[in-house]
Amino acid sequence: MSDKQSSQNEVTQQTPSDSGAGKGNARRRFILGAAAPVVLSVISKPVMATGKVCNPSGFMSANPSGVSRHYTHSTCGGFSKDYWKKPYENNCYADWKLVGLIPRWPEYGMDGIGQSYSVRRTCRNNYKAWFNCQGSGHETQFRDVFSAGPYNCCVETALRGNVGELEQYAMAAYMNALKHGWGRFGDSSKIDPDDVTGLYNACKFGQSSYYAVSGAQLQVPSSSDLLRFFIGLSG
């Protein structure tokens, strides 16, 4: 529990469904209704506030530092990337199941397993039941979630720092958005999971604007501004 946000003393794990998550559905895909694009006007004055920004509203301003001017929450409620990178600690792989991603096959030496035969056996039995596969080679790849970025590695390895810092926090933001039902899945005051991937891809591809799932036109932030935004979602 120590790797989850400090403001949460206890997190109730959700029981995954009986249906498995095959490699083919590693990334959740959602069909959206058509939304009319909305171009928002430039905000000329900074808005003074405190807290955290949990949605991309700050990028609606032409000011590239807009993300720092649109705070709406004292906390966004996401888990840290250190929580997500340890799927076999604190039964975290149940949350991996919920967000539709597959971690690496449980082996000795992994966080939460160590050298315990009984723990590894339990994790492997759950893995087979939850993900409908066994053995290595089934883990979700970074490119299964984000189409941009030169990284050919699995999600878990990415979260562990084998990619850039932006990629680590983008992945954590995506998993948090699915886990906690952000955007059109419940809490519309927080970023939609498809906007996490959309903004990251647009930034990496060098696009100047991006249309959010709401239909709003956003200015694509710099890598440093986007990283700052993603970091703020974890906690």
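Just a few scattered comments:
- Some residue of the range 173-193 being hydrophobic (A, V, I, L, M, F, W, C) and under 16 Å from Met60 (Cα atoms): yes
- Single match in Ala158, Ala129, Ala170 (criterion: within 16 Å of the chain's Cα centre (by Cα), in contact (Cβ under 8 Å) with a residue 60 or more places away in the chain and under 28 Å from Ile113 (Cβ atoms)): Ala170
- Scanning the range 135-145 for residues being of a type in the set (Ser, Thr, Tyr) and surrounded by 14 or more Cβ atoms within 10 Å (Cβ to Cβ) gives a total of 1.
- Test: residue in the range 137-154 that is more than 23 Å from Gly206 (Cα to Cα), in contact with an Asp or Glu (Cβ under 7 Å, 6 or more places away or on another chain), in contact (Cβ under 8 Å) with a residue 24 or more places away in the chain and not acidic (Asp, Glu): yes
- Scanning the range 146-176 for residues that are crowded, with 24+ Cβ neighbours inside 10 Å and of a type in the set (A, V, I, L, M) returns Val155, Ala158, Leu159, Ala170, Met171, Ala172, Ala173, Met175.
- Residue match in the range 199-209 (condition: surrounded by fewer than 23 Cβ atoms within 10 Å (Cβ to Cβ) and touching a strand residue (DSSP E or B) at 6+ places or on another chain (Cβ under 6 Å)): yes
Any read-out appearing in this document is the output of simple, stated calculations on the displayed coordinates, not a laboratory observation. Because the structure is predicted, anything quoted here is derived from the model rather than measured. Counting neighbours? That spans all protein chains shown, and the Cβs are built from the backbone with ideal geometry, glycine included.
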